[in-house]
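A.B. asks: Below is one structure. I have some questions about it.
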Amino acid sequence: MLGQIPAGELMNSMVPITRFNKGEASRIFDEVAAGGTKIVVKNNKPACVLMSPEQYTELMELLSDYILLDEAKRRMSGFDGEGLASQEEVMRGFGITQADLDAVDVELE
C-alpha cells in the first residue's frame, strides 16, 4: 500500500546518484523491489523517485480516482434536484418494464 515514508526510514530510502555512476543500478533496483521506494539524490537534492511498477500503477489509479471524485464534487456543487424523474417514470416514458430489464443478460466487468 502506498503511503508516506516514516521519518526513521527516510534516510535509508535515499540513494546518492554516485551509486548509479559506480554501476550499482541493478543492486538499487533490487533494493526497490525488496524494500519499496527510493529517492535518488543529486547534489544533495532529490532528483527522482524510484518505485516498483505495482506501486506506480497503484499511485496512478489513486490519482485517477481522486480526479474523478473532484470532478463529481464540482459537478454536484451546482446540482439542483428539482424536476428529476424517478427510474419508474423514465422507464414508463420509454415503454420499458421491469420484466424487460430482467430478461436482458448483462455482464459487468
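The values are calculated or read from the model by the stated rules, or taken from the named source; none is laboratory data. Worth saying up front: this structure is predicted, and the values here are computed from it rather than measured. All Cβ positions, even for glycine, are placed from backbone atoms using ideal geometry, and neighbour counts span all protein chains on display. When the accessible area is computed, the model is the full protein with side chains, heavy atoms only, and any ligands, DNA or RNA have been set aside. Shrake-Rupley method; radii C 1.70, N 1.55, O 1.52, S 1.80 Å.
A.B. asks: Take the range 21-55 and flag every residue that is farther than 17 Å from GLU9 by Cα, among the acidic types (Asp, Glu) and surrounded by 12 or more Cβ atoms within 10 Å (Cβ to Cβ).
C.D. replies: Once the filter is applied, which keeps residues that are farther than 17 Å from GLU9 by Cα, among the acidic types (Asp, Glu) and surrounded by 12 or more Cβ atoms within 10 Å (Cβ to Cβ), the range 21-55 yields only GLU24.
A.B. asks: For the range 3-19, check the following and say yes or no: at least one residue is surrounded by fewer than 12 Cβ atoms within 10 Å (Cβ to Cβ), at pLDDT 90 or above and not hydroxyl-bearing (Ser, Thr, Tyr).
C.D. replies: The answer is no; no qualifying residue exists.
A.B. asks: Can I ask one more? I'd like the residue in the range 56-71 that is hydroxyl-bearing (Ser, Thr, Tyr) and open to solvent by 80 Å² or more (accessible area, probe 1.4 Å) and, out of all such residues, is modelled with the lowest pLDDT.
C.D. replies: Residue satisfying both the conditions and the ranking: TYR56.
A.B. asks: Filter the range 37-69 down to the residues that are under 24 Å from ARG19 (Cβ atoms) and aromatic (Phe, Trp, Tyr) and list them by number.
C.D. replies: Matches in the range 37-69: TYR56 only.
A.B. asks: Among the numbered criteria (1) in a loop (DSSP other than H, G, I, E, B); (2) open to solvent by 90 Å² or more (accessible area, probe 1.4 Å); (3) aliphatic (A, V, I, L, M), which single criterion is violated by ALA85?
C.D. replies: The number of the failed condition is (2).
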